[in-house]
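Some notes on the structure that comes next.
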Amino acid sequence: MHNDLQCNRWVDVCTLDDIVPNTGVCALINGEQVAIFHVIDGEHRVFAIGNYDPNSEASVLSRGLVGSLGERIVVASPIYKHHFDLQTGECLEAPEHSVSAYPARIADGKVWVGV
């Protein structure tokens, strides 16, 4: 997982309004597909993880269903329904198939992802 200290720079991806609440979109950042999610759980938050699902070998995580398992905010892959933690990228059912997580933030009405 990346954190703010590891960011060399922030990329302006889209406006927050471009992402329907509690869904995701895919963005191409530095040649890599990144799934970006807009979650409302009392406040507006954004998360960014790799879009490629190693379980199904398809780039589909941005189209998954967002929800929670206990305290974790997750996305369920649309193919095999494996759950990925939006903060860490960990695949709960198959940790060996976890994905990268990227820092994400909202500033000036825009979504920014750290690279």
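The values are calculated or read from the model by the stated rules, or taken from the named source; none is laboratory data. It should be emphasised that the depicted structure is a prediction, and the values quoted were computed from it without experimental measurement. In this analysis, Cβ positions are derived from the backbone assuming ideal geometry, glycine residues included, and neighbour counts consider all displayed protein chains. For accessibility, only protein heavy atoms count, side chains too; no ligands or nucleic acids. Shrake-Rupley method; radii C 1.70, N 1.55, O 1.52, S 1.80 Å.
Quick notes on this structure:
- Whole-number percent relative contact order across the range 46-115, with pairs defined as alpha carbons under 8 Å at least 6 apart: 30 percent
- Where labels lie 7 Å past Cα in the beta-carbon direction, separation of residue 23 and residue 100 in nm: 2.6 nm
- Quarter of Cα convex hull surface for the chain, i.e. mean projection, nm²: 6.8 nm²
- Coil-residue GluC sites (Glu not before Pro) of the range 1-110, DSSP, other Cβ within 10 Å capped at 16: 43, 57, 71, 93
- Among residues other than residue 22 with Cβ under 11 Å from its Cβ, the summed charge is 0 (Lys and Arg +1, Asp and Glu -1).
- Solvent exposure of the range 17-105 as accessible area per residue, Å², 1.4 Å probe: 50 Å²
- With R₀ fixed at 22 Å, the C-beta to C-beta distance from residue 32 to residue 72 puts the FRET efficiency at about 0.40.
- Computed in the context of the full set of protein chains, the accessible area of the chain at 1.4 Å probe radius has 49% of its extent on carbon or sulfur.
- Low-density loop positions, trypsin sites (Lys or Arg not before Pro), the range 1-82 - DSSP coil, at most 14 other Cβ in 10 Å: 9, 81
- Within the chain: Cβ-based charge dipole about Cα centre, in debye rounded to nearest 20 (Lys, Arg +1; Asp, Glu -1): 120 debye
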